[in-house]
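The structure appears below as structure tokens.
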Amino acid sequence: MAILVIEDEFLIAEEIRFHLKSGGFLEVEHAATETNALAAIAGGDWDGAIVDANLDGQGVERIAAALQAKGIRFVIVTGYGRQGLPAAVADVPVIAKPFRPSTLIDALTQCVRKESVDMCRKNGSHGKP
């Protein structure tokens with residue numbers, strides 16, 4: 001499965017990539033800016049994405065709209081909570097930073113599985129157990 005990690009902090013992105021690859025996601029790419037993310041979304045064939053809610057001061061609105069327009073399922077990671085997110089992503093799972101790798105992998109796995117589209121939309125928030 002092809003996963004796009006949209007995260008402006010390089011070390012966090014690399015940690016996410018490492019854990020995803022260890023968890024069985026073999027094709028994992030990184031976009032660090034909104035511009036790069038939008039280009040990657042437009043030009044790629046992604047099965048899913050992980051999106052940082054605050055990408056170098058930018059919100060998730062444009063990235064979420066691009067992902068949704070292409071039917072790409074995604075989860076949002078944030079240290080700020082769901083309350084600061086736009087209404088357009090109300091049904092998108094949110095994972096609180098800091099997170100456990102297993103929480104991230106489980107949430108993404110649920111979202112990218114073809115048979116669990118409704119689970120992704122209804123799952124709400126994920127955080128540390």
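The values are calculated or read from the model by the stated rules, or taken from the named source; none is laboratory data. Since the structure is predicted, the reported quantities are computational estimates derived from the model, not experimental observations. When we count neighbours, we look across all protein chains shown, and the Cβ atoms used for this are built from the backbone with ideal geometry, even at glycine.
Here are some notes:
- Taking the criterion of being in a helix (DSSP H, G or I) and in contact (Cβ under 8 Å) with a residue 40 or more places away in the chain, the residues of segment 71-101 that qualify are 82, 101.
- Qualifying residue in segment 26-35 (condition: surrounded by 15 or more Cβ atoms within 10 Å (Cβ to Cβ) and either at pLDDT below 95 or polar (S, T, N, Q) (or both)): no
- Condition check for residue 68 on (1) under 21 Å from residue 100 (Cβ atoms); (2) in contact with a helix residue (DSSP H, G or I) (Cβ under 9 Å, 6 or more places away or on another chain): one failure, at (1).
- Residue that is nearest to residue 11 (Cα to Cα) [pool: residues in segment 46-70 that are charged (D, E, K, R) and not in a strand (DSSP E or B)]: 56
- Subset of segment 25-70 [over 21 Å from residue 89 (Cα atoms) and without any contact (Cβ under 8 Å) to a residue 24 or more places away in the chain]: 43
- Enumeration of residues in segment 99-124 that are surrounded by fewer than 15 Cβ atoms within 10 Å (Cβ to Cβ) and modelled with pLDDT under 90: 114, 115, 117, 118, 119, 121, 122, 124
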